[in-house]
Amino acid sequence: MKTHKRPELSVEDQELLTGVKVRLIEKAEQGRFDALLEAEHYLHSATLVGEQMRYVAEYEGRWVGLLAWSAAAYNLKGRESWIGWSRLQKRWRLGLVANNSRYLIRSERRVPNLASRVMKLCLDRLSADWEHKYGHPILVVESFVDSAMFFGTCYKASGWTLLGQTQGYGRSRQDYYEEHNRPKQLWVREIKAGARTVLRGRNLPEGIKQIEADAVPECSREGVEMAAMMRFFESIPDWRRRDGDYRMASLVTLAVCAGLCGVQRGQRDLAVFSANLTREQMMVLRFPRRGNPRRYQTPKETTFFRFLSHVDSAALEKSLLGWQDHVLGRRLTEDNQVAVDGKELLSSQGVEIVSAYSVKSGRWLGSERVAADSNEIPATQTLLRRAPIEGMLVSADAMHTQAKTARIITQERGADYLFTVKGNQKTVAESARQLHCGLQRAFSPSADGGHGATG
């Protein structure tokens, strides 16, 4: 039986293997790092996608190796079978997988075991570094090896598993793949014991549940439903002087669908949400198509930032109320109680709005932004002057126990109110006590006896 004799290490080689260190690069070093990859790595590119880490293997001040990690590939049949997770689990948990997208050993001469040694040192710290930067660990790593140029010996020696060849397609953007006719070996490795069991499990451990909460959900609305929704938003004026790539009605429909699906963090998540739409949904929203082959283009963060900053809020509210009536039907007569409340919007850097809702059905009746350096009272009064509250009973907390607010409700809008009086509102409390003592029965603030509410 023929055997291969392990090459003997020189003293110099042994010192290199013992003394090499792996560290994250400093921000100021990225230019040098990228330039070396572009010059010496066979792909001649330093472009990474998604969450990413860059490491250098250093010995006596010399850079002997470079490693770059980035977001995992979106679709890999072999990996999905190896992990055993469902499509939805992959959607929520893919961030726990990282791709070794670039690996370069720069030693001027071949040093046995150097590549596997550097890989081990990097994997020993990768998950902790990722969690420190992005708030979640890495459980599994993957990498592609061009079998026409390399054997993957380093990965095999480092405990990785070869799953086979890829199909010879590369993702050019979300949901689109281009044939490149260069199938590659797919290598994978757990860097946490039991990682695959965790990834395919029903529930994630407590320490990493947040990654599912942070993931941007997919749009669950059917194309026909989105098309019907768009018709209600056609009348919203466009702030742009000329027609943009994306129609105003399309952007509003997309934002509404995102809100219904739980997207709450502004333009960045809206851009991710739009990129994850199906082709049918993009077609319904009339996204532009460009390139060869022609592909749908999706709005970027900058588009959503301008849209959110300039959309006509009054016209938007009117259109949303019309769409709501279409979905829910006309408001029932017995749905006659309204609550007014103010809240700070999530991820809004302190923006507050006041909203009115019908108590029984939860139907939204309108919202008004609280002006900077102001409070809820003026915003509430503005909202009450236009909200559909005629003949209804309006309730609010003690802040709104104001004569002007009461007059708007009763005299201007023909509604009634039920206000709270707190102990620190001594003058109001005394007036209410005297009125109560002088009356033989409850009364309606609007004087029509409609609700029999006490003020």
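The values are calculated or read from the model by the stated rules, or taken from the named source; none is laboratory data. Just so we're clear, the structure is a prediction, and the values are computed from it rather than from any experiment. Methodologically, a virtual Cβ is constructed for each residue, glycine included, from the backbone with ideal geometry; neighbour enumeration extends over all protein chains shown. To get the accessible areas, we keep the full protein, side chains included, count just its heavy atoms, and leave off ligands, DNA and RNA. Shrake-Rupley method; radii C 1.70, N 1.55, O 1.52, S 1.80 Å.
Of S309, V338, L321, which is farthest on the positive side of the dipole of the range 282-348, counting Cα position, with +1 on Lys and Arg Cβ, -1 on Asp and Glu Cβ, and the Cα centre as origin?
S309
Run the quick spin-label model on Y74 and Y134: label points 7 Å from Cα toward the beta carbon, then report their separation in nm to one decimal.
The modelled label-to-label distance comes out at 1.6 nm.
Could you size up the charge dipole of the range 81-143 around its Cα centre, putting +1 on the beta carbon of Lys and Arg and -1 on that of Asp and Glu, and report it in debye to the nearest 20?
About 180 debye.
What size of dipole, in debye to the nearest 20, comes out for the chain about its Cα centre when the only charges are +1 on Lys and Arg C-beta atoms and -1 on Asp and Glu C-beta atoms?
Result for the chain is approximately 1140 debye, rounded to the nearest 20.
When ligands, DNA and RNA are left out and all protein chains stay put, how many square angstrom of accessible area per residue does the chain have with a 1.4 Å probe?
57
To the nearest 10 degrees, how steeply does helix 114-134 sit against the main Cα axis of the chain, on a 0 to 90 scale?
Approximately 10 degrees, to the nearest 10.
For the range 189-252, count the residues as N, evaluate 2.2 N^0.38 Å, and divide the Cα radius of gyration by that value, please.
After normalising by residue count via 2.2 N^0.38 Å, the value is 1.94.
From the P(r) of the range 6-114, could you give the percentage of C-alpha pairs in the tail past 22 Å?
46
Along the charge dipole of the chain, pointing to its positive end and built from +1/-1 on Cβ of Lys, Arg, Asp and Glu, which listed residue (Y74, G95, I389) has its Cα farthest out?
Value: Y74.
Set Lys and Arg Cβ to +1 and Asp and Glu Cβ to -1, take the dipole of the chain about its Cα centre, and tell me which of A249, Y134, I191 lies farthest positive.
Most positive-ward Cα: I191.
Using heavy-atom solvent-accessible surface (probe 1.4 Å) with all chains present, what is the largest-first order of H41, H310?
Accessible-area ranking of H41, H310, largest first: H310, H41.
Identify which of the listed values of semi-axes √(5λ) of the Cα gyration tensor in Å was calculated from the structure shown: (i) 61, 25, 19; (ii) 37, 27, 21; (iii) 45, 31, 19.
Comparing each candidate, only (i) matches the computed number.
Using r as the Cβ-Cβ distance of K404 and L345, and R0 as 22 Å, what FRET efficiency do you calculate, to the nearest 0.05?
According to the calculation, E is roughly 0.25.
Which length gain, in nm to one decimal place, applies between L36 and S86 when the Cα-Cα distance is subtracted from 0.36 nm times their residue separation?
Numbers: separation 50, 0.36 × 50 = 18.00 nm, distance 3.91 nm.
The span from L36 to S86 would gain 14.1 nm if fully extended.
Per residue of the chain, what 222 nm ellipticity follows from adding -39500 (n - 2.57) for every DSSP H run with n ≥ 4, rounded to the nearest 500? The partial results should precede the final answer.
Values: 17 runs with 160 residues, N = 455.
Here the helix-only value at 222 nm equals -10000 deg cm²/dmol.
Any idea what the dipole of the range 313-363 comes to, in debye rounded to 20, about its Cα centre with Lys/Arg Cβ at +1 and Asp/Glu Cβ at -1?
For this selection, approximately 180 debye.
What accessible surface, in Å², does a 1.4 Å probe find on F150, ignoring ligands, DNA and RNA and rounding to the nearest 10?
Surface open to solvent at F150 totals about 90 Å².
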